[in-house]
Amino acid sequence: MMVSSVHASLGALLSAHQSIGVPEPLKLAGSEAQKQKFLPRCAAGAISAFLLTEPDVGSDPARLASTATPVDGGAAYELDGVKLWTTNGVVAELLVVMARVPKSDGHRGGISAFVVEADSPGITVERRNKFMGLRGIENGLTRLHSVRVPAENLIGKEGDGLKIALTTLNAGRLAIPAIAAGAAKWSLKSRASGPVNGCSGGNPLASTARWWRRFPSLPQRVTRSSRCWSCPARWPTKAATTSDRGGTGQAVVERDGLRDR
Ligand SMILES: Cc1cc2nc3c(=O)[nH]c(=O)nc-3n(C[C@H](O)[C@H](O)[C@H](O)COP(=O)(O)OP(=O)(O)OC[C@H]3O[C@@H](n4cnc5c(N)ncnc54)[C@H](O)[C@@H]3O)c2cc1C
């Protein structure tokens, strides 16, 4: 929440990395060896991403089409598929990839979760997606083509992947309201307290009212016709009037039905 009061894209980066990326599924279902191998890297700064969604699979991840085919007598898996909306996927060092293991002799099969090195041969980040908001988010489209992953990178057992992914998302998604609340609080505060972060004028209503509270002897009637350059165009442009109500020295600014004390 605090990070997102600076920039929501940073909140998204942290959330995708630590709430749904490699650390959370490993905490939930990883082996001791996996925790020893990957968690110190994540703590030291290796960014991770969570690759579940596909171009044709979003709310219904049980239909995912990416495959993980056992090779080398079960010593490794070969991953194939396309993953969409991969937050951090463009910059990540480690990935959690959900893919379906086909049922075969000695393999229970089903959707399974793997830790994958992002620089493995066969992984291509095909593009960085653009969003209307969250413009700093490193979210992309990743193609996996015969990506070899050692069997020791399977998280939990074959077929556990969907449960691991959804359990991870249950807790991980709690970051989203925190991000939204942090950004909203910052926005409200910046509008209510005048110039911030290079904003040339801030909220003329709030800052004018504060000015008159501090200096009640100033002329009690002003008009303002210009608006802050940094504020959205929808900020009202009609002139504001300021007056001292009842001789209390407390200024009241009224404009377009808005009132700020
Ligand atoms: C900013 C952002 C970051 C993301 N980061 C990641 C990430 O890091 N990793 C990852 O794997 N994915 C990520 N995603 C993808 C996200 O998880 C999916 O967008 C989400 O699962 C929804 O899937 P979809 O976009 O395909 O929408 P759809 O599943 O196509 O849904 C579209 C609409 O239809 C509705 N709908 C769907 N099914 C039904 C139904 N049965 N009944 C009624 N209504 C229905 C939905 O509620 C929605 O309104 C990210 C998405 C965004 C926007």
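Give me a comma-separated list of calculated 3J(HN,Hα) values for region 134-143, in order, Karplus coefficients 6.51, -1.76, 1.60 applied at θ = phi - 60°, integers in Hz, x for any Gly or Pro.
Rounded to whole hertz, the list is 6, 6, x, 6, 8, 10, x, 10, 10, 9.
Among Asp105, Asp119, what is the fewest-to-most ranking by other Cβ atoms within 10 Å?
Taking fewest neighbouring Cβ atoms as first place, the list is Asp105, Asp119.
Please arrange His107, His145 by how many other C-beta atoms lie within 10 Å of their C-beta, fewest to most.
Fewest to most other Cβ atoms nearby, the residues stand as His145, His107.
Kindly put Phe131, Phe38 in sequence by how many other C-beta atoms sit within 10 Å of each C-beta, fewest to most.
Fewest-to-most Cβ neighbours within 10 Å comes out as Phe131, Phe38.
Decide, for region 19-156, between rounded, prolate and oblate: order the square roots of the alpha carbon gyration tensor eigenvalues as a ≥ b ≥ c, take rounded if a/c falls under 1.5, and otherwise choose prolate if a/b is larger than b/c, else oblate.
Here region 19-156 falls in the oblate category.
Loop-only check: which trypsin sites (Lys or Arg not before Pro) in region 8-94 are DSSP coil with at most 12 other Cβ within 10 angstrom?
Here no trypsin sites (Lys or Arg not before Pro) fit, given the DSSP loop and packing criteria.
List, in the order given, every pair from Lys103/Lys163; Lys35/Lys157; Lys83/Lys189; Lys130/Lys157; Lys27/Lys130; Lys83/Lys185 whose Cα-Cα distance in the structure shown is over 27 Å.
Table pairs above 27 Å Cα-Cα are Lys83/Lys189; Lys130/Lys157; Lys27/Lys130; Lys83/Lys185.
Would you calculate the separation in nanometres between label points at Lys130 and Val6, each defined as 7 Å from the Cα along the Cα-to-beta-carbon direction?
Using points 7 Å along Cα→Cβ, the separation is 2.7 nm.
Laboratory data are not the source of any read-out in this text; all were calculated from the coordinates shown. All values derive from a computational prediction rather than experimental measurement. Note: ideal-geometry Cβ built from the backbone for every residue, glycine included; neighbour counts use all protein chains shown.
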